Amino acid sequence: MEYTYYPGCSLEISAKAYDVSARNVARALDANLVELEDWNCCGATNYMSVRELRSFVISARNLALAEKQKRDLVTACSACYTTLNKTHRYMETNGKLKEQINDALSTADLKYDGTIRVRHLLDVLINDVGIEAIAAKAKVSLKGLRVVPYYGCQLTRPFGTFDDPESPTSMDRLFGALGAEVVDFSLKTKCCGGMLMTTAEPVALKLVRNLLDLSAKSDADCVVTPCPLCQFNLDAYQDRVNSMFRSHFSIPVLYFTQIVGVALGLSEKEILLGKEIVPAKRVLSSYVGGQL
Amino acid sequence: MAPPTLPASTLAELSDRFLRDIYSIPEGEKIKVCLQCGTCSASCPTSYAMDYTPREIIAAFRAGMLDRVLRSNTVWMCASCYSCTVRCPGGIKLTDIMYELKRLGIEYGLYAKGAKAPVLSKEFVKIVDKYGKNDELLLLGNFYMKTNPFGLARMAPLGLKLFARGRLPLRPSKVKGHEDITRIMKRLESKEAK
C-alpha cells in the first residue's frame, strides 16, 4: 500500500516525535508513506479566520500537488486533516468555489479535480491495514498499561468520515487489541482549547484541567492522542494547569503512533521517546523494545 | 456592553454581507431554520466565557445587532471544535458562521479592544504568505511583541524546555514553490479588486 504523506507544519518541529513515529510505524506495517513534494501550510484555523478564498486556495495547492500522484493523501495531524478535507468537500459541492480556486491555481499550472481522498493516518491503520493485522505484527503486549484514548475535536468533527463524531472507538479497539487497558473516557472528544491556549490561556487551561483530572481519576498511565495540538496543550501546559489549579498532575501525553510503535517492538529512537515535557519513559520502560 | 455606534447603513451592509457569504457555503442557507433551541450553546466548551453564546449570535443577527456580537469576545472564544455543528438539529454550520464573523470583524475592524486572537490570526497569515509554512517560534514571537511583550518572559521557561527537546524551530523553512504561491495570491488579489 502506498500513500502520499502530508506531515504539516507542526510535525516538522514541535511534534517531530509524531512524524518520526508515524513514518516508522507505517513502514513496519508495510504502508508506504511518500512525502508530498514541496507541500505548504494547510491554512489551519487561523488562515480561515482572516481570508476565506485564500485559505481554500492555500489548502488546495496541496491537494492539486497530491492529485498528480494519484494516491490518497494521508496526514497524521487532525487540524490538517479537517482543513484539507473541508477544502476537498467544499470544492466538490460548490462549483463556483472550485472554479475560483482552480483559476488561481492555474497561475502555477495546477488544478484540482477532486479525484483523491484526504485521510487521517489513524483511518489508514484501522481500515486499510486493519486492527487484526496490526495485532498479528505486535511484538510487545501492552498488558497492564492503562491508556486514555483522547481523540480531540478535528479528527472526527465535523465530517465523521471514518468514526463517530462524538463517540469514536478506533483507538479504543486498536489499543485493546494490543493488550492495553483502555479507559472508557467520557471526555474523549472534548476540546483541549486549541489555539485559545495562546489567545485566552485561562479558558484553555480549564479545558485541559478537566481532561487531566478525569485521566488522573481513571488511574491512567498515559493519555494518547492522534493530534499534535492536543498533545502540545496537555503536555507542555501541564505545569501551568498545576499552578493555576493547585493540582499535581504528572501524566505523560503520547502520540498514538508512539504507543502502536511500542507494541510493534520499535526502539525509543524509532518513536522519538523523550521529547515530551512530562516524561513518559517511566511508564513505558517495561514495554519499549520488550518481548511479547 | 458598548452600544452600537455604527451608522445604520454600515450595519445594513454588514448584515447583507454576512448573509450573502453564509449562503455561499454548502448548506449555508440552513441558518434560516434556527429555532433558538440552544443546543449549540450547551455543546460549546467555551460558551461560558463568551459575552454572547452561539445561540445568541443568531438572535442578535435577527435583531439587527450583529455589530455588538463582533465587538464582543464571542467569536474569538471559538476554538473550532465543531461540537455545535455536529449537534445542531437544523444542520446549521455554526463553526463556519464563527469563521465568517471572525473575517468580517477583521475586515470591518470590529473586534473587542485588546482582543488577542485576531492579532494571532493576522500574524499567522503574514508568515504563511511569506514562507508558505507556519513557523511556531516566529508566530509566537510576533504575537507576544504585538500583544504583551512581558508575556514572552513568562513563556521563556517553557520555551527553553521545548528548545532543549528540539521542539522549537531554528529558522523558518520556506516552501520551494514559493513563487507559485506568490503568483497564486497575486491572481486572487486582482480578482478581489474587481
- Would you kindly derive the ³J(HN,Hα) couplings of the range A:106-121 from the backbone phi angles with the Karplus curve 6.51 cos²θ - 1.76 cosθ + 1.60 (θ = phi - 60°), listing them in order in whole Hz, with x for Gly and Pro? 4, 5, 10, 6, 10, 7, 10, 9, x, 8, 10, 10, 9, 9, 8, 4
- Once you list every other residue whose beta carbon is under 11 Å from the beta carbon of A:Ser218, what net charge do they have if Lys and Arg are +1 and Asp and Glu are -1? -3
- Item | Cα long-axis angle, helix A:95-105 against chain A (0 to 90 degrees, to the nearest 10) | 90 degrees
- Message: Which of the three applies to the range A:104-202, rounded, prolate or oblate, going by the alpha-carbon gyration tensor with a ≥ b ≥ c and a/c under 1.5 meaning rounded?
- Response: oblate
- List the lysines whose alpha-carbon lies under 23 Å from that of A:Lys275, not counting same-chain residues fewer than 8 positions away? A:Lys16, B:Lys133, B:Lys161
- Query: Once amide H atoms are placed 1.01 Å from N in the peptide plane, what residues at a sequence separation of 5 or more from A:Tyr5, or on another chain, have their amide H within under 5 Å of its amide H?
  - Reply: A:Val34, A:Glu35, A:Leu36, A:Val74
- Task: Would you be so kind as to identify which of A:Pro202, A:Ser170, A:Asn46 lies farthest towards the positive end of the dipole of the protein assembly as shown, taking Lys and Arg as +1 and Asp and Glu as -1 on Cβ and the Cα centre as origin?
- Result: A:Pro202
- In order over the range B:51-64: 3J(HN,Hα) from phi, Karplus 6.51/-1.76/1.60, θ = phi - 60°, whole Hz, x for each Gly or Pro, gives 5, 10, 6, x, 4, 5, 4, 5, 4, 5, 4, 5, 8, x
- Given +1 on the Cβ of Lys and Arg, -1 on the Cβ of Asp and Glu, and no further charges, what dipole in debye does chain A carry about its Cα centre, rounded to the nearest 20? 420 debye
- Query: Given the range A:196-276 reduced to its alpha-carbon atoms as identical point scatterers, what log10 I(q)/I(0) does the Debye formula return at q = 0.24, 0.26 Å⁻¹?
  - Reply: -1.14, -1.26
- Task: Can you tell me the FRET efficiency between A:Asn127 and A:Glu37 if r is taken as the Cβ-Cβ distance and R0 is 22 Å, rounded to the nearest 0.05?
- Result: 0.25
- Restricting attention to chain B, give the cysteines that have no other cysteine Cβ less than 4.7 angstrom from their Cβ. B:Cys34, B:Cys37, B:Cys44, B:Cys78, B:Cys88
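Within 10 Å of each Cβ in A:22-35, how many Cβ atoms from other chains are there, averaged over the peptide?
Working: counts 0, 0, 0, 0, 0, 0, 0, 0, 0, 0, 0, 0, 0, 0.
That works out to 0 on average.
Note down the magnitude of the dipole of the range A:139-264 about its Cα centre, charges +1 on Lys and Arg C-beta and -1 on Asp and Glu C-beta and zero elsewhere, to the nearest 20 debye.
Details: 12 positive and 12 negative charges, 25 e Å.
Roughly 120 debye for the range A:139-264.
Kindly identify the range B:65-134 as rounded, prolate or oblate by the Cα gyration tensor criterion: order the square roots of the eigenvalues as a ≥ b ≥ c, call it rounded if a/c is under 1.5, otherwise compare a/b with b/c, prolate if a/b is larger, else oblate. Write out the running numbers ahead of the final one.
Details: a/c = 2.40, a/b = 1.32, b/c = 1.82.
Cα axes put the range B:65-134 in the oblate bin.
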- Query: Each residue of the range B:118-132 in order: what ³J(HN,Hα) in whole Hz does its phi give by Karplus 6.51 cos²θ - 1.76 cosθ + 1.60, θ = phi - 60°, with x for Gly and Pro?
  - Reply: x, 5, 4, 4, 5, 5, 4, 4, 4, 5, 5, 4, 7, 10, x
- Report, please, the projected area of the range B:78-194 averaged over directions, based on the convex hull of its C-alpha atoms, in nm². 10.6 nm²
- Note on the structure: Within the under-13-Å Cβ sphere about A:Ala28, not counting A:Ala28, Lys/Arg +1 and Asp/Glu -1 give a net charge of +2
- Message: Can you give the FRET efficiency to the nearest 0.05 for B:Tyr108 and A:Lys137, using r as the Cβ-Cβ distance and R₀ = 60 Å?
- Response: 0.60
- Task: Mind listing the long-range amide H neighbours of A:Leu254? Cut-off is under 5 Å, sequence gap 5 or more, other chains count too, H placed in the peptide plane at 1.01 Å from N.
- Result: A:Val223, A:Val224, A:Thr225
- Query: Where does the charge balance sit around A:Ala66 when Lys and Arg score +1, Asp and Glu -1, over other residues with C-beta under 13 Å from its C-beta?
  - Reply: 0
- Message: Can you give the FRET efficiency to the nearest 0.05 for A:Asn210 and B:Lys174, using r as the Cβ-Cβ distance and R₀ = 25 Å?
- Response: 0.05
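To the nearest whole number, what is the average tally of beta carbon atoms from other chains within 10 Å of the beta carbons of peptide A:14-20? Intermediate values should be presented prior to the final figure.
Numbers: counts 8, 2, 3, 3, 0, 0, 0.
Other-chain Cβ atoms within 10 Å of each residue's Cβ, averaged: 2.
Which value results when the Cα radius of gyration for the protein assembly as shown is divided by 2.2 N^0.38 Å? Write out the running numbers ahead of the final one.
Details: Rg = 21.9 Å, N = 486, 2.2 N^0.38 = 23.1 Å.
The reported ratio for this selection is 0.95.
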- In deg cm²/dmol, rounded to the nearest 500, the helical mean residue ellipticity at 222 nm of chain B, built from -39500 (n - 2.57) for every DSSP H run of length 4 or more, is -18000 deg cm²/dmol
- Item | Rg in Å to one decimal, and Dmax rounded to a whole Å, for the range A:2-120 via C-alpha atoms | 14.0, 43
- Whole Å is fine, so just give me how far the alpha carbon centre of the range B:56-87 lies from that of the range A:157-233. 25 Å
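Just tell me how shielded B:161-172 is by partners: mean number of partner chain Cβ atoms within 10 Å of each residue's Cβ, no decimals. Don't jump to the answer; show the numbers that get you there.
Working: counts 3, 6, 0, 2, 9, 7, 12, 2, 4, 1, 0, 0.
Neighbouring Cβ atoms belonging to other protein chains average 4 per residue here.
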- Based on the Kirkwood radius over alpha-carbon pairs, what value in µm²/s does the Stokes-Einstein equation return for the translational diffusion coefficient of the range B:128-170 at 20 °C and 1.002 mPa s? 193 µm²/s
- Message: Helix A:52-67 against the longest principal axis of chain A: what's the angle in degrees, Cα atoms only, rounded to the nearest 10?
- Response: 80 degrees
- Task: Using label points projected 7 Å from each Cα along Cα→Cβ, tell me how many nm separate B:Asn148 and A:Asp219, to one decimal.
- Result: 3.9 nm
- Helix A:201-217 vs. chain A, principal-axis angle (Cα, 0 to 90°, nearest 10): 50 degrees
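Values quoted throughout were computed directly from the atomic coordinates according to the rules given, and no laboratory measurement underlies them. The model shown is predicted, which means the values in this text are computed figures rather than measured ones. Backbone-built Cβ (ideal geometry, glycine too); neighbour counts: all protein chains shown.
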